[in-house]
């Protein structure tokens, strides 16, 4: 049975799921959302995603905040529980690459769970690329679908 890849999308990606679709790479964000819904990929998030996304939506789009946040919560995305390895890796990334703990928390989750951190923040990707397990949303592609399993004839 094929292994389903794990992605850790950050707030910049999740926001594109609800914001007007004229934003850069909105199409890629929607492809990622579809891949998660179709179970072609698994998603895992730090609990801080709701606060990060909520802050942006509440401040910039207060009229839409209740419905957009509700829509995002209905996806039922899995949240990781805090752990010592995750915190340690987040701190290591923050200090070594001089990035925010918020960004590092998503990235560290991908690293310790052997997934990939997907972000629309190209500056972050360029800064930490050597750490691995990170890709810019614009560069992300859904996994290729496996051919259906079954008997072959002939």
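The values are calculated or read from the model by the stated rules, or taken from the named source; none is laboratory data. For clarity, every value in this text was computed on a predicted model and none was experimentally measured. Cβ atoms come from the backbone with ideal geometry, glycine included; neighbour counts cover every protein chain shown.
Given the conditions (1) surrounded by fewer than 18 Cβ atoms within 10 Å (Cβ to Cβ); (2) touching a strand residue (DSSP E or B) at 6+ places or on another chain (Cβ under 9 Å); (3) in contact (Cβ under 8 Å) with a residue 60 or more places away in the chain, which single one is not true for residue 12?
(1)
Only one of these conditions is not met by residue 20: (1) surrounded by 11 or more Cβ atoms within 10 Å (Cβ to Cβ); (2) without any contact (Cβ under 8 Å) to a residue 24 or more places away in the chain. Which number is it?
Of the numbered conditions (1) surrounded by 11 or more Cβ atoms within 10 Å (Cβ to Cβ); (2) without any contact (Cβ under 8 Å) to a residue 24 or more places away in the chain, the odd one out for residue 20 is (1).
If I ask for residues that are modelled with pLDDT of 75 or more and exposed (fewer than 10 other Cβ atoms within 10 Å of the Cβ), which ones from the stretch 130-154 would you list?
130, 144
With (1) touching a strand residue (DSSP E or B) at 6+ places or on another chain (Cβ under 6 Å); (2) crowded, with 16+ Cβ neighbours inside 10 Å; (3) at pLDDT below 95 as the list, and residue 26 as the residue in question, which single condition is left unmet?
(1)
Under 8 Å between Cβ atoms, which residue pairs at least 6 apart in sequence (or on different chains) link something in the stretch 76-97 that is on the phi > 0 side of the Ramachandran plot with a partner that is part of a loop (DSSP other than H, G, I, E, B)?
Listed pairs, sorted by first residue: none to list.
Scan the stretch 85-110 residue by residue and report those that are out of contact with any strand residue (DSSP E or B) (no Cβ under 6 Å at 6 or more places or on another chain), surrounded by 20 or more Cβ atoms within 10 Å (Cβ to Cβ) and closer than 18 Å to residue 11 by Cβ.
Within the stretch 85-110, 90, 93, 103, 104, 108 qualify.
Being surrounded by 12 or more Cβ atoms within 10 Å (Cβ to Cβ) and more than 16 Å from residue 11 (Cα to Cα), is that true of even one residue in the stretch 46-61?
no
Would you mention how many residues in the stretch 122-146 are part of a loop (DSSP other than H, G, I, E, B) and closer than 26 Å to residue 84 by Cβ?
2
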